[in-house]
Amino acid sequence: MLTTILDVLIAGLLLGGLYALIAMGLSLQYGVARVLNIAHGEFLMLGALLTWWLYTMFGINPLACLAICGPLTFVIGFILHRTLYKRLRTSSATPGIFESNSMLASFGLLFIIQNVALIAWGSQIKSYSYLTSTIDIGGAVFGANRLVTLGFAVVIGIAFYIFLARTRTGKAIRAAAQDPAIAGLMGVNINQILALCFGLGALMAGFAGMLVSMCYPVNAVMGFEYTTIAIIVIVLGGLGSIPGSFIGGFILGIIGSIVIYLQPGLALASYYLIFIVLLLVKPTGILGK
Amino acid sequence: MSSKGITSRSSFLLGILCLVVVLLATSPMYAPAYIVILLTSILMYVVLTVSWTIFSGPTGYISLAPAAFFGIGIYTAATLGEALPLAAVVIIGGLVSFIIALLVGAVTLRLRGIYFAIFTFGLVLLIQHLLLWYEVNITGTRGRFVIVVDNTTIFYVMLIIFVLLMLTAFFIRRSKYGLALQSIGENEEAASHIGINVTVLKVITFAISAIFMGAAGAIMATRWTYIDPYIAFNTNFSFLPVLMAIFGGMGQLYGPFLGAVILAYLEELLLTEFPYYYMLLFGIIMVVAILYLPNGIVGLIQKWRKEGFRRKHANT
């Protein structure tokens, strides 16, 4: 019994680490840049497929792919914000209209990125094995790749928190999250900071994609499921709160692994149920204002 | 613009609508079977888009629930198709969607802006996954067969739904309810302060728009013959109406109609030959429409007319 509880709990933490990383990226894009990026999962898919491609074609170590996937998705995100979203931001009359318009534009992006990937890589399910040796934790057995995933998620989360709390750019990001207009008046280069946040969000999705590809099979249409999970997590943690989405990711991961243990087919349905109940009862989430 | 101008313009558009309906109604007599099927698909998108616009156009609440109501209609047809006549199935499909939309609307329309959009989207996925789980674990079979109906009948039923929808949309726009909806979109607090029962109005309109989506789903199911939760609750039926309405422009009633006709025809053209490029192209159209055509095709037409008007006056 105790082993089962430990089993489910650790599986939940492993799943949660991944969710936390994905949700932090989206939280950055929504919390600061005010773009509810529905194409978030597509950046994850790009990272995953790129890792798979580099590993199977050139034998490049998946962990080394971090150095390729991350910067690549960062640059795509940065440029997208400098062109598309910046234009939308200046043409929208109110922040509310910008939120709706940018969400709809990101739906368009979802179709574009997904179908470019389908054309480039096809729709087959792909997988590779890397670090599949098992590790025993108090009687519960886990793949080493899962533990690496959790480790990375925690390290990236903490590193990012330090970046936000301790650096000058981090301070500018926090200021922009509170009030972009006044942050701009105080000398923050607001377009640069918003684009940076959007790029960093995409970078986290790219990292998460690389980690996902180590643990699960990947394909070109996988992104959307992760987008919906990320949305659920950031609503759970409180829209716009980065620590909230970090904690929310772990909570959802543990709930998910309990449901998977009890009734495997209902995991996603239970997420949506939590999400819907949460929106009705406490739409601001656990750490939202 | 004077009120006389509006009336004469609306009767002109109503005339065009009548002409379109007459042309469509007689089409099975002279057009080949393929054209009738194509027209049915186009009408389906028009119905989804225009009914989406009834609620989301004036109020500005972006609903991503069309796929939910459409899918409810499809499942109604699948479960009742053999027991009841077609007309009853379609009507029940609409009513079930109406009732569910009333319930959903009553609890969710307190949510504003982006929360409402993601909630409605979550609803589609929740229904899809619960049904899938139910089919796999309780009944043990995934998917169902739907009783087959010939294409001309499907076409006529869709045409009737379309005509009823256009009339409903037209009268809502012209009535004081249309104005009230518009004022909710502009400023909800102000609307409630001048005595509009904001919640009731929003919920009722949301539910009315769901009737047509449900009815369209019930009749389309008979064409697909086999359905499962992934086909019935395909999220594309949530995105495409939004895209079509934005592309057409929501300022006028004919905007979503035009947007749906153009993009549905484009889909038909591209889908058979380039299945991947078609969604790619749709994505590009969506981004470009949001960036450069904030008021859609309607906005573009109005801009041209205004410029033409100005030029004419400059010459005299």
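Rounded to the nearest 0.05, what FRET efficiency do A:VAL141 and A:ASN61 give with R0 = 25 Å and r taken as the Cβ-Cβ distance? Could you check?
Result of the calculation: an efficiency of 0.55.
Under the Kirkwood approximation applied to all pairs of distinct alpha-carbon atoms, what is the hydrodynamic radius of segment A:2-281 in Å?
Hydrodynamic radius (Kirkwood, Cα pairs) of segment A:2-281 is 19.0 Å.
Calculate, for B:GLU82 and A:LYS171, the FRET efficiency according to 1/(1 + (r/R0)^6) with r their C-beta to C-beta distance and R0 60 Å; round to the nearest 0.05.
0.35
Sort B:ARG223, A:ARG174 so the one with the fewest other Cβ atoms within 10 Å of its own Cβ comes first.
Ascending number of Cβ neighbours within 10 Å: A:ARG174, B:ARG223.
For segment A:238-282, max minus min Cα coordinate along each principal axis, in Å, sorted largest first?
Result, largest extent first: 31, 21, 11 Å.
With no solvent and one equal point scatterer placed on each C-alpha of the protein assembly as shown, evaluate the Debye formula and give log10 I(q)/I(0) for q = 0.09, 0.12 Å⁻¹, two decimals.
So the normalised log intensities are -0.75, -1.29.
Please provide three numbers in whole Å: the alpha-carbon extents of segment A:142-270 along the principal axes, with the largest listed first.
53, 28, 27
Compute the normalised compactness of chain B: alpha-carbon radius of gyration over 2.2 N^0.38 Å, N being the residue count.
1.02
Once you place label points 7 Å from the Cα toward the Cβ at B:ILE147 and A:VAL154, how far apart are they in nm?
My value for the distance between the label points is 6.1 nm.
Once phi is turned into ³J(HN,Hα) by the Karplus curve 6.51 cos²θ - 1.76 cosθ + 1.60 with θ = phi - 60°, what whole-Hz value does each residue of segment B:48-63 show in order, with x for glycine and proline?
These are the phi-based 3J(HN,Hα) values: 4, 5, 5, 5, 4, 5, 3, 8, 6, x, x, 7, x, 7, 7, 8 Hz.
Using a simple spin-label model with points 7 Å from Cα along the Cα→Cβ vector, what separation in nm is obtained for B:CYS18 and A:SER92?
4.4
So for segment B:54-152, Kirkwood radius off the Cα pairs, Stokes-Einstein at 10 °C and 1.306 mPa s: how many µm² s⁻¹?
Taking Rh from Cα pairs, D becomes 106 µm²/s.
Taking Cα centroids, how far is segment A:80-154 from segment B:83-104 in Å?
38
Just the number: Rg to Rh for segment B:1-129, Cα atoms, Kirkwood Rh, two decimals.
Rg/Rh: 1.05.
Taking the number of other C-beta atoms within 10 Å as the exposure measure, put B:HIS313, A:HIS81 in order starting with the fewest.
By the 10 Å Cβ count, ascending, the order reads B:HIS313, A:HIS81.
Efficiency by 1/(1 + (r/R0)^6): what FRET value for B:THR139 and B:LYS176, r their Cβ-Cβ distance, R0 = 30 Å, to the nearest 0.05?
Efficiency for this residue pair is about 0.05.
If you wrap a convex hull around the C-alpha atoms of segment A:1-137 and split its volume per residue, what is the figure in Å³?
So the per-residue Cα hull volume is 147 Å³.
Each label point is 7 Å from the Cα along the Cα-to-Cβ direction; what then is the distance between the points at B:THR225 and B:TYR292, in nm?
For the pair B:THR225/B:TYR292, the computed spacing is 4.3 nm.
Need the list of aspartates and glutamates near A:LYS86 for cross-linking: C-alpha distance under 19 angstrom, and skip anything on the same chain fewer than eight residues off.
By straight Cα distance, A:LYS86 reaches A:GLU99, A:ASP179.
Calculate one ³J(HN,Hα) per residue across segment B:92-97 by plugging θ = phi - 60° into the Karplus curve 6.51 cos²θ - 1.76 cosθ + 1.60, and present them in order as whole Hz with x for glycine and proline.
5, x, x, 5, 4, 4
Sort B:HIS193, A:HIS40 so the one with the fewest other Cβ atoms within 10 Å of its own Cβ comes first.
So the residues, fewest neighbours to most, are B:HIS193, A:HIS40.
So if the hydrodynamic radius of segment A:202-272 is defined as the Kirkwood radius over C-alpha pairs, what does Stokes-Einstein give as its diffusion coefficient at 37 °C and 0.692 mPa s, in µm² per second?
Estimated diffusion coefficient is 252 µm²/s.
Expressed as a rounded percentage, what relative contact order does segment A:2-281 have, with Cα pairs under 8 Å and six or more residues apart?
Relative contact order of segment A:2-281: 43 percent.
Every number in this text was worked out from the coordinates using simple rules, so none of it is lab data. Since we're looking at a predicted model, the values are computed, not measured. Reconstructed Cβ throughout: ideal geometry from the backbone, glycine too, with neighbour counts over all protein chains shown.
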